[in-house]
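Worksheet: the structure to be examined is printed underneath.
The values are calculated or read from the model by the stated rules, or taken from the named source; none is laboratory data. Quick caveat: nothing in here was measured; it's all calculated off a predicted structure. With ideal geometry, Cβ positions are generated from the backbone for all residues, glycine too; neighbour counts draw on all protein chains shown.
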Amino acid sequence: MLIPLIARDLANGWRSAGLWLPVAFLLLVASLYPFALGPDAGLLARTGGGMLWIAALLASLLPIDRLIAPDRDAGVIDQLSLRGVSEETQVIAKLIAHWIGFGPPLLLALLPAAALLKLPAPTIWTLEAGLLIGTPALAALSILVASLTAGLRSSGALAGLLALPLAVPLLIFGAGTLGDGSGAAMKFLGATSLLLVAITPVAGGAALRAGRE
C-alpha cells in the first residue's frame, strides 16, 4: 500500500507545481543574491553556502499547505484509515514522496546555483553531501509541521513560524559542515536528520488522529 500512496502524492505534487517550485525558488535566490551582496567573489564564496542552506529550507516549506490539508479536507485520510492504513503509514508515504519530489532535483539545481555564487569545487561537494543528508530532515520537518497545522486557519503562516525554530539545528550543523575539517558537524547533521525522520511518522500520525477527534 505504501508505493501506491507515494505515487499518488507525487502525481498530486506534479499537478500542483509542487515538484518544480522549490527548484525554481533556489535558482531565483541564487540569481538575486549576488546583486544584493555585490560583485565581491570572495565574499560570495564565503557566504554563499550558508545562504543556499537557508534557501533549501525555505524551498522545502513552499508546498507545505498542499502536503496534508487537501487530503484531510477531502476526507482521504479518514477513508484510508477506515481501510486499515494507519496514519503513521500515510505520513511515511507523504514524507518519502515529498523528499523524492524536492530532494534530488534540489541537489541537481545546486550545481548551477553554486556556479552563480562562484563557490569553489570543495565547497560545492561538501554542500552536496550535507544537503544529501539534510534534505530528508527538511522533508520530515515540512510533513510534521503540515500535520500539526492541518485544518487550522492561516496554517501557512503558522507552519512557517513553527518550522523555522525547529530547523535551527539543521541550519547550524549544515552550515557548519562548510568550514569544519574534522567532520563533526556532518555527524551531528546526520544524527539530527535521523532523529527528525524517525519521530515524524509517530508525531505526525498522532497529530492527524487528534485533529480528527
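Out of Gly84, Gly75, Gly48, Gly42, which single residue is in contact (Cβ under 8 Å) with a residue 24 or more places away in the chain and either in contact with a Leu (Cβ under 8 Å, 6 or more places away or on another chain) or not aliphatic (A, V, I, L, M) (or both)?
Details: Gly84 fails: in contact (Cβ under 8 Å) with a residue 24 or more places away in the chain; Gly75 fails: in contact (Cβ under 8 Å) with a residue 24 or more places away in the chain; Gly42 fails: in contact (Cβ under 8 Å) with a residue 24 or more places away in the chain.
Criteria check complete, one pass: Gly48.
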Qualifying residue in the stretch 59-66 (condition: surrounded by 14 or more Cβ atoms within 10 Å (Cβ to Cβ) and out of contact with any Gly (no Cβ under 9 Å at 6 or more places or on another chain)): yes
Some residue of the stretch 93-106 being surrounded by fewer than 19 Cβ atoms within 10 Å (Cβ to Cβ), of a type outside the set (Lys, Arg) and touching a residue at least 60 places away in the same chain (Cβ under 8 Å): yes
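Yes or no, residue by residue, for (1) surrounded by 14 or more Cβ atoms within 10 Å (Cβ to Cβ); (2) within 17 Å of Gly103 (Cβ to Cβ); (3) touching a Pro at 6+ places or on another chain (Cβ under 8 Å):
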| position | (1), (2), (3) |
| --- | --- |
| Arg8 | yes, no, no |
| Trp14 | no, yes, no |
| Leu26 | yes, yes, no |
| Phe35 | no, no, no |
| Thr47 | yes, no, no |
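Of the residues Phe25, Phe102, which single one is on the phi < 0 side of the Ramachandran plot and in contact with a Ser or Thr (Cβ under 7 Å, 6 or more places away or on another chain)? Write out each step before concluding.
On the way: Phe25 fails: in contact with a Ser or Thr (Cβ under 7 Å, 6 or more places away or on another chain).
The conditions single out Phe102.
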Subset of the stretch 136-164 that is at pLDDT below 80 and polar (S, T, N, Q) - its residue that is nearest to Ile96 (Cα to Cα): Ser155
Test: residue in the stretch 112-122 that is more than 28 Å from Phe188 (Cα to Cα), touching a Pro at 6+ places or on another chain (Cβ under 8 Å) and either modelled with pLDDT of 85 or more or not hydroxyl-bearing (Ser, Thr, Tyr) (or both): yes
